[in-house]
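Below: the structure, in structure tokens.
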Amino acid sequence: METVNQPRNERRAVRWSRITMVATALAITGIGIATTWAGHRLDIGTLAQPGPGLWPGMLGIVLTALGMWILVFESGLRPEPATNQSWRVFAALGAVAAYIGLFTVIGPSIPTFALVLIWLRRLSAESWRSSIIIALVTTLMMYVVFVVALDISFPADLLWQ
Amino acid sequence: MFDSIIFGFQVALEPINLLYVFIGVTLGLVVGILPGLGAGATIALLLPFTYGLPAETAIIMLAGVFYGSMYGGRVTAILMRLPGEAAAALTAIDGYELAKQGRAGPALGISAFASFIGGTVAIVGLTFFAPTFAGYALRFGPAEYAAVALLALMLACTIGSGSFARALAMVAAGLLLATIGPDPILGTPRLTGGSLELYSGISIVPIAIGLFGVAEILHYMERSHASSLIKSGLRDVLPTRSDWRQSAGPIARGSVLGFLIGAIPGPGSAAAAFSSYSMEKRRAKDPSRFGKGAIEGVAGPESADNAASNSAFIPLLTLGIPGSVVLALMFGALLLQGITPGPQLVNEHPDVFWGVIASMYVGNFILLALSVPLSGVFIQVLRIRMGILGPLAIIISLYGAYSLRNSTFDMWLVLAAGLAGYVMRKVHLPPAPLLLAFVVGPILENSFRQALLISDGDPGVFVTRPLSAGLLVCAVLLIVWPAFRRLRGARAKLKAKESEHQSTGSEHEPDVPARLG
């Protein structure tokens, strides 16, 4: 069964590689075009009197040209493959996004404790005991270093404000 | 000249600077040993904290982290064949073989000593060469400055192992990011999209933390490392007399080679290490020993890359042009202090200039004293699992980014940069040229526009002035040469495909090589 599906899987992998690389090249080209347009909008000025848009305009042209070169010559490159552990990356990114959102609303301490605890338990497979201890210590240390020692003002914290 | 050196040592030996060089060097050693967080990410994390320190103390500490991490990278390279960074890759070859033979002790010892000699030679060169060069650089006009900055960026594109076009695209992206914010001459807001937070531009700190620190942690989470410490006991602990004898030549040659290569912005310590390795291999009476535990393969590259990492300060301190990511971050640290590095630094801020140079002697000495006896302790440090270090580093990153200007926007930037760094790595877009270009961008644009303003719009000013013309020719060659080879290769393949198509009548996908140029 495996060997019958293998050529199909390989072809699918090759197709996805190609799509990824073409998308990358198109993204670069797209950003280049957008930048050139933004530079034009900002007023390119003349060579004797450069306007604010001259430099972005030049960069935009360079990016567009490079994007097209990469599209033509480098779409056959193989991207680094995703592994069966790749979900961790997106889980981590999602967790950090939630963290920053909460941080803004309820201050640093609770989100810090929660993030460290959840990360250590779910993503690093540590025991409950180690996770709780490390999360507590981390939250405390961040408080001591940033709030007490460095005297930085944070959003109103539920625990200590 | 000697008054300046003595003045420098007076600065470097002040108690606060001694304390901070010790902190920096120890941090660097630990960071160099631990996988994941490199010198770049650590220095980026420390940037917000340097704001409250005096300028020379800040740079002294950050420089200490830098060359400390180079030392630290050796430990994992020799003991686990895991280079801490690119420059240690060669030490990992012969060093690991020596460790397998039970000779990890001598390998570590020679490596520490070679680094010390290499670093000292470079610092001596720096002491004598830098002020002269700064004096010469004062005569640079804006056209020359723009040309040098451009050349530095082009050189940075050549050092990676991937495609030149991709590196160039990242340079353009970095220059673009640097454009966000107020126009430097006219003040108009550019590329801010009406956002208030972007109005004053983007700080290097969240970009660096995200692109190098967070992205590295994310990448690590995806892989599982199967690495084990050497199980065989340490047969010898100290290098033997024949080790010293064999290493003397490579150390001497490596130091000078490293000094020269490091002084050019771009190539960096990895290039110095590789050059030294190939030089020693070619000079050796029995080249087949290399790769199987030749002590010269450790001594030469070690002294070369430490020499290069010290001499890399020359373009930063004299021209104000950083040659690598780490130096770009030091540049950022100086900017946070309100100091713009350039040829005038030696005159306007002699305490920073000479204090940093003198402190490098001190730091190198501390490293030698620390690394030999403490190697055993550091091996224990390796036991901290990356699974614990990852979230801690992320938390520190986020707090640090926030504390820059009490803004959660910078935390979002860290997240975005981390995601970007992860994706970029997947599609082979190198992050280092982006960061370099981000830092060099304002220099390049300002010089470019000033040159045009002075010449009243005549773009010929860049080629009529001899120095500027020469530098530009080099820069253009660096771009054109790989493109030319690529086109020629594509044409040859097209011809081959045509003739094959005629003879076999079959079609298949053209094979695109993974390397360009």
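Quick notes
- Amide H contacts for B:T188 (H built 1.01 Å from N in the peptide plane; partners 5 or more residues away or on another chain; cut-off under 5 Å): B:D183.
- 3J(HN,Hα) along the range B:315-323: x, 5, 6, 9, 9, x, 10, x, x Hz, from the Karplus curve 6.51 cos²θ - 1.76 cosθ + 1.60 with θ = phi - 60°, whole Hz, x for Gly and Pro.
- Cross-link partners of B:K426 among lysines (Cα-Cα below 18 Å; sequence separation of 8 or more within a chain): none
- Shape category assigned to the range B:232-364 from the gyration tensor of Cα positions, a/c cut at 1.5: prolate
- Förster radius 45 Å - calculated FRET efficiency between A:T104 and A:Q49, Cβ distance, rounded to 0.05: 0.55
- Here the Kirkwood formula, the inverse mean of 1/r across different C-alpha pairs, assigns the range B:13-166 a hydrodynamic radius of 17.9 Å.
- The per residue volume of the convex hull around the alpha-carbon atoms of the range B:11-98 is 82 Å³.
- Long-range Cα-Cα pairs in the range B:113-178 (distance over 17 Å), rounded percent: 63
- In sequence order, the range A:122-134 has phi-based couplings of 7, 8, 10, 6, 8, 6, 4, 4, 4, 4, 5, 4, 4 Hz under the Karplus curve 6.51 cos²θ - 1.76 cosθ + 1.60, θ = phi - 60°, and Gly or Pro positions carry x.
- The simple spin-label model puts a point 7 Å past each Cα toward its Cβ; for A:A34 and B:F365 those points are separated by 5.5 nm.
- FRET efficiency estimate (nearest 0.05) - Cβ-Cβ, A:W128 to B:F128, R0 51 angstrom: 0.25
- Distant-in-sequence amide H partners of A:G45 (H built 1.01 Å from N, under 5 Å): A:G51
- Efficiency of FRET between B:E498 and B:Q344 - r from beta-carbon atoms, R0 60 angstrom, step 0.05: 0.50
- Remark: accessible area buried at the B-A interface is about 5700 Å², both chains counted, probe radius 1.4 Å.
- Projecting the Cα atoms of B:V205, B:L18, B:Y71 onto the charge dipole of the protein assembly as shown (Cβ charges, centred on the Cα centre) puts B:Y71 farthest toward the positive pole.
- Alpha-carbon geometry of the range B:174-216: the Rg and the Dmax are 11.8, 38 Å, given in that order.
- With Cα atoms defining each centre, the range B:90-151 and the range B:469-488 are spaced 27 Å apart in the structure.
- Interface residues, the range A:131-154 - accessible area loss of 10 Å² or more versus chain alone, probe 1.4 Å: A:I134, A:T138, A:M142, A:F146, A:L150, A:I152, A:S153, A:F154
- Note on chain B: Cα-only Rg and Dmax are 23.5, 79 Å.
- Within the shell defined by Cβ-Cβ distances under 15 Å, the residues around B:I339 carry a net charge of -3, with Lys and Arg each +1 and Asp and Glu each -1.
- In summary, the convex hull built on the alpha carbon positions of the protein assembly as shown has an orientation-averaged projected area of 34.0 nm².
- Here's the list of lysines a cross-link from B:K100 could span, going by alpha-carbon distance under 30 Å and ignoring same-chain residues fewer than 8 apart: B:K231, B:K281, B:K285, B:K292.
- The trypsin sites (Lys or Arg not before Pro) of the range A:100-129 include none that DSSP puts in a loop with a beta carbon having at most 11 other beta carbons within 10 Å.
- Note on the protein assembly as shown: helix-only mean residue ellipticity at 222 nm, from DSSP H runs of 4+ residues weighted -39500 (n - 2.57) and normalised by residue number, equals -23500 deg cm²/dmol.
- Inter-label distance for B:T240 and B:D456, nm, one decimal - labels placed 7 Å from Cα along Cα-to-Cβ: 7.7
- Compared with its chain on its own, the range A:73-89 contains the following residues whose accessible area drops by 50 Å² or more in the full protein assembly (probe 1.4 Å; ligands, DNA and RNA excluded): A:F73, A:E74, A:L77, A:E80, A:V89.
- In terms of its Cα atoms, the range A:1-160 spans 66, 57, 21 Å along the principal axes, sorted from long to short.
- Residue-level accessible surface for B:Y199, protein heavy atoms, 1.4 Å, Å²: 120
- Computed over protein heavy atoms with a 1.4 Å probe, the carbon and sulfur contribution to the accessible area of the range A:121-161 reaches 67%.
- For chain A, the Cβ-based charge dipole about the Cα centre amounts to some 620 debye (Lys, Arg positive; Asp, Glu negative; other atoms uncharged).
- Stretching B:I5 away from B:I185 to a fully extended chain increases their span by 61.0 nm, per 0.36 nm per residue minus the current alpha-carbon distance.
- Ranking B:T464, B:L168, A:Q85 by Cα position along the charge dipole of the protein assembly as shown, where only Lys, Arg, Asp and Glu carry charges on their C-beta atoms, puts A:Q85 farthest toward the positive end.
- Cα-derived Rg to Rh of the range B:423-484, Kirkwood definition: 1.09
- Surface share of carbon and sulfur [accessible, 1.4 angstrom probe, percent] for chain B: 65
- With protein chains left intact and a 1.4 Å probe, residues in chain B average 39 Å² of accessible area per residue.
- For the pair A:V144 and A:V22, label points projected 7 Å from Cα toward Cβ lie 5.7 nm apart.
- For the range B:12-48 versus the range A:1-73, the inter-centroid distance based on Cα atoms is 38 Å.
- Gyration tensor (alpha-carbon) shape descriptor, the range A:34-123, a/c threshold 1.5: oblate
- In the context of the full set of protein chains, chain A has a per residue accessible area of 57 Å² (1.4 Å probe).
The values are calculated or read from the model by the stated rules, or taken from the named source; none is laboratory data. Computed from a prediction, not measured in an experiment: that's the story for all the values here. Glycine also receives a Cβ, built like all others from the backbone with ideal geometry; neighbour counts cover every protein chain displayed. Side chains included, ligands, DNA and RNA excluded: accessible areas come from the protein's heavy atoms. Shrake-Rupley method; radii C 1.70, N 1.55, O 1.52, S 1.80 Å.
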